[in-house]
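Structure, as structure tokens:
The values are calculated or read from the model by the stated rules, or taken from the named source; none is laboratory data. Because the structure is a prediction, the values reported are computed rather than measured. Positions of Cβ are generated from backbone atoms using ideal geometry, with glycine treated the same way; all protein chains shown enter the neighbour counts.
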Amino acid sequence: MAGLANTSTAEIQARDARHHWHPFSDMAALNAAGSRVVTAAEGWTLTDSEGHQVLDGMSGLWNVAVGYGRREIVDAVAEALTTLSYTNTFFQCTHPAAAAYAEAIAGLLPGHLNRIFFTSSGSEANDTAFRAARTYWDLKGKPEKKRFIARRNGYHGSTVLGASLGGMAPMHGQSGLPIEGISHIDQPYWFGDGRLLGMSPAEYGHFAAERLAVEIDRLGADTVAAFIGEPIQGAGGVVIPPDTYWPRIAEICAERDILLVADEVICGFGRTGAMWGFETFGFSPDIVTMAKAMTSGYIPCGGVAFSDEVAATLETGGEFFHGYTASGHPAACAAGLANLAIIDRERLVERVATDIGPYLAARWASLGDHPLVGETRMRGLIGAFELVRDKAALERFPADIAAGTRCRDLSVRNGLVMRAVGDTMVIAPPLVISHEAADLIVARARKTLDDLHAALT
Ligand code: PLP
């Protein structure tokens, strides 16, 4: 970073503390501790301002699918900005990269999903899906179909609508959310719910899906526009539903004439071992929202894919009064095309399904013998383990112990970024990690568990 190379860690932290308000942070606590200053990244390794190196087990915020420092994305962005630093995609305009990128994404989707609307983020993508679904039903002559059903602990973004669709109680507790017209059903969380109900995972998948039928029937199907869900809930703690869950959800939506929106912001582009999470779980959505790995985070980008039926219906309404200044930004489209070229050339989706995914999953499962681990789970390259105080009874630590947060901090000290969701520890490493890096993830996670065990017993 030109001009900043000789700035000390203390100076950066002081400047940061004075002027930078961080997302999802307790600013008083953060400034008391001092921010961790990341200065460089390559492959799957982050370097901080003190020269420490950490393996990024979270791919940034689940987004850096092809790893850090990929020259061809950087070059594609530089070339795009040099040629066409900006043009809009409103008012009958387009540019070559926007057309090519929309075509490329449509080519990765099933045959009925052909039209891509560009946004700059996942939150904006979900806002777009919400407005499109409501407009769709208006145009179908059913304007009373306005409600969305989502899930507790789901995460759909941080705008007013994204936070409302999401089912995060702490987010709802601030600023009077959710907005009207959105309700939430319980998540299909085997470890936290199904196991306690004494059901097999297959039975539980059906049971959890029926909650949607009950909620639609309670509200009246003629008032419900859509159900939205992440194939695997990420920020909610990598909740991997039983295989019986999604096919039944799709049936319930079809039976009751409800649009099905798959939020693929985390799962899309290979994370689960298929291009899309809905392919991994065997269902077919009407609307797909995406972001993150679209560009592996090099340039912000999001998007929404509409089914032919949704797109054709929206077309009957004339202008759809919706768009963002950066929709289809030339740099984002160029980054996206270069990113897709890497995913394709390096066969990353197949690699996750048949090579590095099963390799890491087997080693991750070996953590299940640790006295603090109640369950391990992984699908593709997204996984978690559950911290427990009593392994035999699968009993959690009291909340005031903050076992997950302590585990996360120890993990960074041991050279591995893991994320804590309560006492669920989460990883989602870049799709390109080597087998040696996978071994390191597991070795560092085990060392972290040992350190936590020593600290808590
Ligand atoms: N949907 C899901 C599943 C996400 O995980 C996220 C972000 O983490 C979003 C939507 C929101 O995306 P963004 O932060 O780009 O607005």
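Residue under question is A40, and the condition is that it be outside any helix (DSSP H, G or I) and closer than 16 Å to T295 by Cα; does it hold? Before you say what the answer is, go through the steps one by one.
Working: outside any helix (DSSP H, G or I): yes; closer than 16 Å to T295 by Cα: no.
Taking the combined requirement at face value, the residue does not satisfy it.
Do any helices (runs of 4 or more DSSP H) lying entirely in the stretch 94-176 carry at least 2 residues that are of a type in the set (S, T, N, Q), within 16 Å of the ligand (Cβ to nearest atom) and at pLDDT 95 or above, and which ones are they?
Working: elements: 96-108, 122-139, 160-165, 169-173.
Per the criteria, 122-139.
Mind telling me which of the residues A445, A454, A438 ends up being surrounded by fewer than 16 Cβ atoms within 10 Å (Cβ to Cβ) and of a type in the set (A, V, I, L, M, F, W, C)?
Being surrounded by fewer than 16 Cβ atoms within 10 Å (Cβ to Cβ) and of a type in the set (A, V, I, L, M, F, W, C) holds for just one of A445, A454, A438, which is A454.
Go through (1) farther than 30 Å from T82 by Cβ; (2) more than 16 Å from the ligand (Cβ to nearest atom); (3) under 20 Å from the mean Cα position of the chain (by Cα) one by one and return the number of the condition I343 breaks.
Among (1) farther than 30 Å from T82 by Cβ; (2) more than 16 Å from the ligand (Cβ to nearest atom); (3) under 20 Å from the mean Cα position of the chain (by Cα), the lone unmet condition for I343 is (1).
Given the residues V239, V261, which is the only one that is closer than 22 Å to V426 by Cβ and either out of contact with any strand residue (DSSP E or B) (no Cβ under 8 Å at 6 or more places or on another chain) or of a type in the set (A, V, I, L, M) (or both)? Reasoning before the result, please.
Working: V261 fails: closer than 22 Å to V426 by Cβ.
Result: V239 is the single residue among V239, V261 that is closer than 22 Å to V426 by Cβ and either out of contact with any strand residue (DSSP E or B) (no Cβ under 8 Å at 6 or more places or on another chain) or of a type in the set (A, V, I, L, M) (or both).
Restricting attention to the stretch 210-225, and to residues there that are of a type outside the set (D, E, K, R) and part of a helix (DSSP H, G or I), which single residue is surrounded by the fewest Cβ atoms within 10 Å (Cβ to Cβ)?
Our first condition is that a residue be of a type outside the set (D, E, K, R); within the stretch 210-225, this holds for 212-214, 216, 219-221, 223-225.
Within this subset, residues satisfying the condition of being part of a helix (DSSP H, G or I) are 212-214, 216, 219, 221, 223.
On the way: L212: 24, A213: 18, V214: 11, I216: 24, L219: 14, A221: 16, T223: 14.
The residue in question is V214.
Given T325, T354, which one is among the polar types (S, T, N, Q), surrounded by fewer than 23 Cβ atoms within 10 Å (Cβ to Cβ) and within 30 Å of F91 (Cα to Cα)? Step through it out loud before you land on a result.
Working: T354 fails: within 30 Å of F91 (Cα to Cα).
After applying the criteria, what remains is T325.
Please state which one of G60, G51 is surrounded by 11 or more Cβ atoms within 10 Å (Cβ to Cβ), not in a strand (DSSP E or B) and not aliphatic (A, V, I, L, M). Give the derivation first.
Details: G51 fails: surrounded by 11 or more Cβ atoms within 10 Å (Cβ to Cβ).
Step by step, each of G60, G51 is checked, and only G60 is surrounded by 11 or more Cβ atoms within 10 Å (Cβ to Cβ), not in a strand (DSSP E or B) and not aliphatic (A, V, I, L, M).
Just checking, does the stretch 187-205 include any residue being over 26 Å from V388 (Cβ atoms) and in contact with a helix residue (DSSP H, G or I) (Cβ under 7 Å, 6 or more places away or on another chain)?
So in the stretch 187-205, the residues over 26 Å from V388 (Cβ atoms) come out as none.
No, the conditions are met nowhere in the stretch 187-205.
Condition (residue is away from the ligand (no atom under 16 Å from the Cβ), within 29 Å of G422 (Cβ to Cβ), of a type outside the set (V, I, T) and not in a loop (DSSP other than H, G, I, E, B)) applied to the stretch 227-240: is it met by at least one residue?
Taking the stretch 227-240 and keeping what is away from the ligand (no atom under 16 Å from the Cβ), we get none.
No, the stretch 227-240 contains no residue that is away from the ligand (no atom under 16 Å from the Cβ), within 29 Å of G422 (Cβ to Cβ), of a type outside the set (V, I, T) and not in a loop (DSSP other than H, G, I, E, B).
Can you give me the number of residues within the stretch 269-311 that are touching an Asp or Glu at 6+ places or on another chain (Cβ under 8 Å), part of a strand (DSSP E or B) and within 15 Å of the ligand (Cβ to nearest atom)?
Here the count works out to 4.
For the stretch 259-283: of the residues being under 18 Å from F130 (Cα atoms) and touching a residue at least 60 places away in the same chain (Cβ under 8 Å), which is farthest from the chain's Cα centre (by Cα)? If you could, list the steps in order and put the result at the bottom.
Of the stretch 259-283, the ones under 18 Å from F130 (Cα atoms) are 259-265.
Still in the list and also touching a residue at least 60 places away in the same chain (Cβ under 8 Å): 259, 261, 263, 265.
Numbers: L259: 21, V261: 14, D263: 8, V265: 5 Å.
Selected residue: L259.
What number of residues within the stretch 121-131 satisfy the criterion of being more than 10 Å from G303 (Cβ to Cβ) and either free of Cβ contacts under 8 Å to residues at least 12 places away in the same chain or in contact with a helix residue (DSSP H, G or I) (Cβ under 8 Å, 6 or more places away or on another chain) (or both)?
Final tally of qualifying residues: 4.
Being of a type in the set (K, R), closer than 21 Å to G277 by Cβ and over 19 Å from the mean Cα position of the chain (by Cα), is that true of even one residue in the stretch 411-420?
Keep residues of the stretch 411-420 that are of a type in the set (K, R), which gives 413, 419.
Restricting the remaining residues to those that are closer than 21 Å to G277 by Cβ gives 419.
Next, from what is left, pick out any that are over 19 Å from the mean Cα position of the chain (by Cα): none.
No, the stretch 411-420 contains no residue that is of a type in the set (K, R), closer than 21 Å to G277 by Cβ and over 19 Å from the mean Cα position of the chain (by Cα).
Which ones in the stretch 206-226 are small (G, A, S), more than 16 Å from the ligand (Cβ to nearest atom) and either closer than 13 Å to A150 by Cβ or in contact with a helix residue (DSSP H, G or I) (Cβ under 8 Å, 6 or more places away or on another chain) (or both)?
First, the residues of the stretch 206-226 that are small (G, A, S): 208-209, 213, 220-221, 225-226.
This time we only want the ones that are more than 16 Å from the ligand (Cβ to nearest atom), so: 208-209, 213, 220-221, 225.
Listed by number, the residues that qualify are A208, A209, A213, A225.
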